[in-house]
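Encoded as structure tokens, the structure appears first; notes follow it.
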Amino acid sequence: MRVPLEWLREYLHSTLTPTALGDLLSMGGLELEGIEPAGPELPGVVVGTVVQMQQHPHADGLRVTKVEIGGGRQLQIVCGAPNVYEGQRVAVAQPGAQLPTKQITAMELRGVRSEGMLCSASELGLDDGSQGLLDLDPEATPGLRLDEYLALGDPVLTLGITPNRGDALSILGVARDAAALGAGTLLHSQLGQLAKQSTLQQQVDDRTVQIAASAREACGFYGLSLLEGLPGRVPDRWRERLRRCEQKSISPVVDWLNVWMLAMGQPMHAFDADLLQGDIEIRWARKGETLDALDGRDLALQEDMLVIADSVGPVALAGIMGGRRTAVGSATRRVLLESAYFSPRAIQGRARRLGLQTEAAQRFERGVDFALPQPAALLLQEKMGTHCVATWSVMGELPVLPTIGLRQSVLAKTLALKISPALVERHLTALGCQFQVDGEGWQVIPPSHRFDLRLEADLVEEVARLYGFARLPSRQPSAILRPLQQHQHTRRRQVMALLVAREYQEIISYSFVAPELQAAIYPDLPAIKLQNALSSDLSVMRTGLWPGLLQALQFNRNRQQERVRIFELGRVFANGEQRLQLAGLLTGNLYQEEWGNTKKPVDFFDLKGDVEALLSLWNGDWHFVRVNDPALHPGQAAAMIRAGKEYGRLGALHPRLAEDLGLDAATFLFSLDMEDLLQETTRRQFRPISSFPSVQRDLALLIPQGVLAGDLLAALQGVESEILQQVEIFDRYEGPPLPQDRYSLGFRFHFQDQTGTLTEERVQEALERLWQRLVQVAPIALRG
């Protein structure tokens, strides 16, 4: 949030320098991200008055003006802006003036001498969304430097506001916090006085306003004021404040609403009173309803979205955005000013779901002071100078402020420091809390603007924050730490080193994922929903690591990274428990591109080779069994099995998922449950290398379709033999002249003895036992 210092000083009397104030706010939790001047220096640019205007003799689109710039001095300037008029106060760049993008010189334009330029806001580096010339207040003094008139040298603080501090999303909120931290004295006192005044006046028409019974908790208060005598312009001082806060100028009424939202933290909305039809109701949207939103889109509303509706239908999405049908425009003569309290729960997530991001939604989602709507509306009416004809005030169910117990013993234990009761009470008073002494502590009621104060721990943090974190004693942490067992630590390092050696790179992704992606990949594993999600696409706990890997792949592919190999070791949350999982992904070419390598995309067997190397870190006979997995290709998916237990899966990404994610290259994934594997200790035993020669025998076998090579390998590896060292498949073939129901596999057997040279008889005897085991699995024949 951007905070102009001169605006802040209307609410806070402080002698601190901008840097010192920023440092104090940072230590108090409102992090200072930067300080910069409000605008550029503009030497040679002054305030001027257009005293005469004539049509250019040679160009229909140009005007020849006489502009007074103080001291009786006048300049002749040719201008093409459509909004120039006699008597107008304008920004005049004299010859020699240096603008952010160019230097001004005197010149002839279509045969008429022009001694400078009349400037727009964007040409001055002060873009505020306005069109044409920068139209200054009639009270602006001709000849005064523009950067002095607009005080462009004043500093603007940029603060990082955390999601729990919605109360600090206003100038008043920052001033209130700065005063509590000891930066100065809070000056704003009108708010409390106006809060005690009644806004009810006699109604002049038959319009009624009501909150639907089902929406009373969502809308605690709804107020409307019928205003006439609308402002024709926003004074330069306020318009400049809007620009410094990066708000565009739209129209006088809307600009005033934005000014007051930034000043007080209360979003408000204005309807054209003559375009609203019938009675007003705050209710939940109905099935099939749409809103013609101000951003030009027609939004399909859902039944959990709160709307403001007239007799025709929705005219606004509560706390988020209004509609075009009742929008304030140049023809508007009367407005209905809305000032309301909407519950954060009724607003959270709705804007993101519709692809919207508005200042109002940002504030209502975090919580707006429910005591603020009425006094904020009264102050705004006073500033705008409008005449209020009638008001409507409707009550729903406002939040109940909690009573929180704060104990001195908990404060002392948590902060390792005993703070005097008087100082604690001073801090609580500075926060706006009400309290009563209760035994060894206090019963505290937080102010209505502090939605984040709900627990004793919150109050402890506030006392520590105001006391000063830098003043708290520092000490080394004391805890019982249980390090990983040596074999666990070693195994982790081995796993990661092996994958890195195979060109995988480690990533760390969020434990929160989008529910849609989670459901697409793991439809049979219900995910834990977060009660207060950071965003709608981070609203459930992950039940596996594949969503994070796929999102990282999308990020890289969008940046022209075609060859990607990544892995993650992290916790997943499924079936009521947390487990450690390892997962990896690869796509693109098998080798890095270079002159000696031809491009070869990775395939299932490249992934399988990486996984087999990984599994070799543990004892036991691992084998792969074909499975059906909703996230994997039906013909390229397997489970990793050891001793009858499944430890993980691998395969190609399902084509449907690949299409949904926009992935056009083959993508392969694996996952491995590490919770139990890391507990295992693996003992490697040395086996001496035989000094006797080995013997190889190859067999080409005809195998029925449907019989898996993995099953045959598992059967062969189960045959006891002192001389069989290794079995591998070196060839596969199907097609003519083989029968259609058969395919061929080439097996290579490696025999070697530790005690002597092998004889042909011993080799043949071993081959015979292997053959007998194969024919027990399926009707297999030797290929001729």
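Checking the cross-link filter: which lysines have an alpha carbon closer than 28 Å to that of Lys66, excluding same-chain neighbours under 8 positions apart?
Output for Lys66: Lys102.
At 1.4 Å probe size, with the rest of the protein present, what percent of the exposed accessible area of the chain is carbon and sulfur atoms?
On the way: 19200 of 39050 Å².
Ligands and nucleic acids excluded, carbon and sulfur give 49 percent.
For region 116-177, which semi-axes, largest first and in whole Å, follow from the square roots of 5 times the eigenvalues of its Cα gyration tensor?
With the √(5λ) rule applied to region 116-177, the semi-axes are 33, 14, 11 Å.
Against the longest alpha carbon principal axis of the chain, how many degrees, from 0 to 90 and to the nearest 10, is the axis of helix 546-557 turned?
Tilt of helix 546-557: around 70 degrees.
With a 1.4 Å probe and all protein chains kept in place, how much accessible area does Thr141 have, in Å² rounded to the nearest 10?
Ignoring ligands and nucleic acids, Thr141 comes out at about 80 Å².
Please list Trp256, Trp622, Trp284 in order of solvent-accessible area, largest first, computed with a 1.4 Å probe with all protein chains present.
Putting Trp256, Trp622, Trp284 in descending order of accessible area: Trp284, Trp622, Trp256.
Can you run the Rg to Rh ratio on region 323-448? Use alpha carbon positions and the Kirkwood inverse-distance Rh. If you can, show how the numbers build up before the last one.
On the way: Rg = 21.1 Å, Rh = 18.7 Å.
Dividing the radius of gyration by the Kirkwood radius yields 1.13.
Volume per residue, Å³, of the convex hull around the alpha-carbon atoms of region 583-684?
124
How much accessible surface area, in Å² rounded to 10, belongs to the heavy atoms of Tyr11 with a 1.4 Å probe?
Accessible area of Tyr11: about 10 Å².
Relative contact order for region 1-89 using alpha-carbon pairs under 8 Å, separation at least 6, rounded to a whole percent?
Working: 89 pairs, mean separation 18.2, N = 89.
Relative CO of region 1-89 lands at 20 percent.
Taking +1 at the Cβ of each Lys and Arg and -1 at the Cβ of each Asp and Glu, which of Gln476, Ala497, Gln581 sits farthest along the dipole of region 473-613 towards its positive end, judged by Cα position relative to the Cα centre?
Checking the options against the dipole of region 473-613, the answer is Gln476.
What is the ratio of the Cα radius of gyration of the chain to 2.2 N^0.38 Å, with N the residue count, to two decimals?
1.35
Only Cα pairs under 8 Å and at least 6 apart count here; give the relative contact order of region 592-732 as a rounded whole percent.
17
Quick check for you: with a 1.4 Å probe and neighbouring chains kept, what is the accessible area per residue of the chain, in Å²? Present the calculation step by step, with values, prior to reporting the outcome.
On the way: 39050 Å² over 784 residues.
Accessible surface, normalised per residue, equals 50 Å².
Check cross-link reach from Lys599 to the lysines: straight Cα distance under 21 Å, and skip same-chain residues fewer than eight apart.
Lys608
Quantify how much of the Cα-Cα distance distribution of region 534-608 extends past 21 Å, in percent. Present the calculation step by step, with values, prior to reporting the outcome.
Numbers: 1155 of 2775 pairs.
That fraction is 42 percent.
From largest to smallest, what semi-axes in whole angstrom does region 1-149 give when each is the square root of 5 times an eigenvalue of its alpha carbon gyration tensor?
Calculated on Cα positions only, the semi-axes equal 38, 15, 13 Å.
Just how large is the dipole of the chain about the Cα centre, in debye to the nearest 20, putting +1 at every Lys and Arg Cβ and -1 at every Asp and Glu Cβ?
Dipole about the Cα centre, nearest 20: 960 debye.
Sorted by accessible area (1.4 Å probe), largest first, how do Glu289, Glu228 line up?
Per-residue accessible area, sorted high to low, gives Glu228, Glu289.
At 222 nm, what value in deg cm²/dmol follows for the chain if DSSP H runs of at least 4 each add -39500 (n - 2.57) and the sum is divided by all its residues, to the nearest 500? Mind dumping the intermediate values first?
Details: 21 runs with 194 residues, N = 784.
Calculated mean residue ellipticity at 222 nm is -7000 deg cm²/dmol.
Please state the relative contact order of the chain as a whole percent: Cα pairs under 8 Å, 6+ residues apart? Please list the in-between numbers first.
Working: 1515 pairs, mean separation 67.0, N = 784.
About 9 percent, as a whole number.
So how much accessible area does Glu397 have, in Å² to the nearest 10, using a 1.4 Å probe?
100
Using the Cβ atoms and a cut-off under 15 Å, what net charge is assigned to the surroundings of Arg454, where Lys and Arg are +1 and Asp and Glu are -1?
Once all neighbours under 15 Å are counted, the net charge is -2.
Which value, in debye to the nearest 20, describes the size of the charge dipole of region 263-345 about its Cα centre when Lys and Arg Cβ atoms bear +1, Asp and Glu Cβ atoms bear -1, and nothing else is charged?
The dipole of region 263-345 has a size of about 100 debye.
Using packing as a proxy for protection, rank 332-342, 624-634 so that the peptide with the highest average count of other Cβ atoms within 10 Å comes first.
332-342, 624-634
The values are calculated or read from the model by the stated rules, or taken from the named source; none is laboratory data. Note that the coordinates shown come from a computational prediction; the quantities given were computed from them, not determined experimentally. Neighbour counts run over all protein chains shown; Cβ positions are idealised from the backbone, glycine included. Only protein heavy atoms, including side chains, enter the accessible area calculation; ligands, DNA and RNA are left aside. Shrake-Rupley method; radii C 1.70, N 1.55, O 1.52, S 1.80 Å.
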